[in-house]
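The values are calculated or read from the model by the stated rules, or taken from the named source; none is laboratory data. Please read these numbers as outputs of a predicted model, since none were measured by experiment. As a convention, Cβ positions derive from the backbone with ideal geometry for all residues, glycine included, and neighbour counts pool all protein chains shown. Areas reflect the complete protein model, heavy atoms only, side chains present, ligands, DNA and RNA absent. Shrake-Rupley method; radii C 1.70, N 1.55, O 1.52, S 1.80 Å.
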Amino acid sequence: MSGEEQQWLADAIQSNWIAPIGPMVDGFERDLGLIMNTPSVLAVHSGTSALHLGLRLLDVGPGDEVICSSLTYVASANPIRYLGAEPIFIDSEPSSWNMSPQALERALYDAKRRNRMPKAVVVVNLYGQSADMEPIKELCNHYGVPILEDAAESFGATYKGKASGTWGKFGVYSFNGNKIVTTSGGGALVAENEEALAKARFWASQARDQGAHYEHSELGYNYRLSNVLAAIGRGQLDVLEERIRARRKVFARYEIAFSHIEGISFMPERDYGRATRWLTALTLDPQRFQVHPSEMVAKLEEWNIEARPVWKPLHLQPLYNGCRYFAHEEHVSVSEYLFTHGICLPSGSSLTDTEQNRVIDAVESVLGCVVR
Ligand SMILES: *Cc1c(COP(=O)(O)O)cnc(C)c1O
């Protein structure tokens with residue numbers, strides 16, 4: 001929390017609007033729309049529920065196929081299964097760690113050949129950086145498949161000067177506790193216009209039909225954001241830019257500190273936009289280091305430092321066993337390399353220089369490099 005939230009929360013409590021929906025939710029949606037420069041926003045209780053609603057808007061149903069990035073958190077793909085559809089996973093490209101346009105092209109070509117076009121492509125923006133949306137969009141337009149952008153990790157990032165999350169037909173943000181700004185739990189679905197979201201708004205509040213009595217003709221969900229949590233969110237939005245600067249600074253300090261160590265490669269930042277560096281992620285060259293990233297996480301734990309492995313690609317998850325997967329090149333699976341050799345370092349916006357120096361010393365020590 002930044003401190004700004006307290007006043008907004010006090011206002012929400014004062015007004016006694018302790019409900020899902022309310023004036024704070026309306027205000028939060030308005031603020032979000034302004035920041036992201038997108039006219040229509042639906043605030044919901046998680047990024048996962050926003051993905052679920054977005055896929056349903058795209059008419060995903062039983063027996064359908066949906067293309068999805070493989071190197072991501074499981075929440076990107078689970079809503080595909082909620083709707084009875086099957087995911088097809090796409091590898092990362094080495095230059096951005098995000099969806100490989102050339103693997104996507106092979107997947108779309110294959111779908112066409114099988115005469116079974118996917119209902120949507122879920123493009124995930126990993127660790128604070130947008131995927132290369134232009135070539136991806138071009139391919140999707142060519143094949144007539146809409147994009148749902150999972151921008152849960154790239155809130156605040158830009159691509160070609162435009163907000164990450166506003167490049168697809170629909171976009172999704174998350175305000176879960178681990179994200180760059182948070183409502184403790186929350187999410188949003190965005191679209192180019194309000195009509196496109198109207199149905200999702202209706203479904204998110206139990207799909208109650210117009211009229212005085214409780215009439216329901218469609219299946220709905222209880223997905224709306226609480227008015228109290230929206231108040232926290234309004235305070236958080238005020239510090240978004242500050243947070244991005246703090247996270248980028250954390251990244252830059254790691255980059256400088258490890259510049260003398262050969263065999264450490266950071267997740268690259270492409271010049272097509274600005275990443276938030278939500279997490280500082282890097283890979284360790286197996287030719288140079290004996291330490292495997294999972295051992296590294298365990299060793300840092302002994303220093304009371306919490307590091308994390310890179311997401312395990314979804315095509316390797318038991319849950320998604322047997323799903324189709326398109327690698328970056330026929331025999332080059334980038335996401336598997338990133339998972340096997342990657343690690344995420346402590347990257348919080350409130351990490352102090354002293355704390356970060358301790359992480360740097362610990363990493364050098366674990367890697368067997370000289371401690372300064
Ligand atoms: C956090 C996250 C989600 C899910 O958001 P929740 O608000 O936790 O439901 C979805 N996709 C990605 C890539 C995420 O990191």
For GLU306, all conditions in the list (1) at pLDDT 95 or above; (2) open to solvent by 70 Å² or more (accessible area, probe 1.4 Å); (3) in contact with a strand residue (DSSP E or B) (Cβ under 9 Å, 6 or more places away or on another chain) hold save one; what is the number of the exception?
(3)
One residue is enough: does the stretch 160-173 have a residue meeting the conditions at pLDDT 95 or above and over 22 Å from the mean Cα position of the chain (by Cα)?
no
Tally up the residues in the stretch 122-152 that are within 16 Å of the ligand (Cβ to nearest atom) and not β-branched (Val, Ile, Thr), please.
13
In this structure, is LEU189 surrounded by 18 or more Cβ atoms within 10 Å (Cβ to Cβ), within 14 Å of VAL41 (Cβ to Cβ), under 18 Å from the mean Cα position of the chain (by Cα) and not basic (Lys, Arg)?
yes
Out of the stretch 250-271, which residues are assigned to a loop (DSSP other than H, G, I, E, B) and open to solvent by less than 60 Å² (accessible area, probe 1.4 Å)?
PHE258, ILE261, GLY263, MET267, PRO268, ARG270
Selection within the stretch 190-202 - of a type outside the set (D, E, K, R), touching a residue at least 12 places away in the same chain (Cβ under 8 Å) and out of contact with any Leu (no Cβ under 6 Å at 6 or more places or on another chain)
VAL190, ASN193, ALA196, PHE202
Checking ALA188 against (1) part of a loop (DSSP other than H, G, I, E, B); (2) within 16 Å of the ligand (Cβ to nearest atom), which single condition isn't satisfied?
(1)
With the condition kept exactly as written, say whether any residue in the stretch 77-84 is touching a residue at least 40 places away in the same chain (Cβ under 8 Å), under 19 Å from LEU316 (Cα atoms), small (Gly, Ala, Ser) and open to solvent by less than 10 Å² (accessible area, probe 1.4 Å).
yes
For the stretch 153-168, check the following and say yes or no: at least one residue is within 14 Å of the ligand (Cβ to nearest atom) and in a strand (DSSP E or B).
no
On the given criteria, is ASN115 assigned by TED's automatic domain parsing to the domain that holds HIS52 and within 11 Å of the ligand (Cβ to nearest atom)?
no
All-but-one check, ARG274 against (1) over 26 Å from GLY165 (Cα atoms); (2) crowded, with 17+ Cβ neighbours inside 10 Å, failing number (1)
Of a type outside the set (A, V, I, L, M, F, W, C) and within 30 Å of MET133 (Cα to Cα): which single residue out of GLU301, GLU329 fits that description?
GLU329
Within the stretch 108-129, residues being small (Gly, Ala, Ser) and surrounded by fewer than 24 Cβ atoms within 10 Å (Cβ to Cβ) number 1
The lone condition ASN16 fails out of (1) within 24 Å of GLY168 (Cα to Cα); (2) open to solvent by 50 Å² or more (accessible area, probe 1.4 Å) is (1)
Which pairs have Cβ atoms under 9 Å, sit 6 or more apart or on different chains, and link a residue in the stretch 166-181 that is within 11 Å of LEU148 (Cα to Cα) and among the charged types (D, E, K, R) to one that is within 12 Å of the ligand (Cβ to nearest atom) and open to solvent by 10 Å² or more (accessible area, probe 1.4 Å)?
none
By residue number, the members of the stretch 152-186 that are more than 22 Å from TYR272 (Cα to Cα) and open to solvent by less than 30 Å² (accessible area, probe 1.4 Å) are SER174, PHE175, LYS179, VAL181, THR182, THR183, GLY185, GLY186
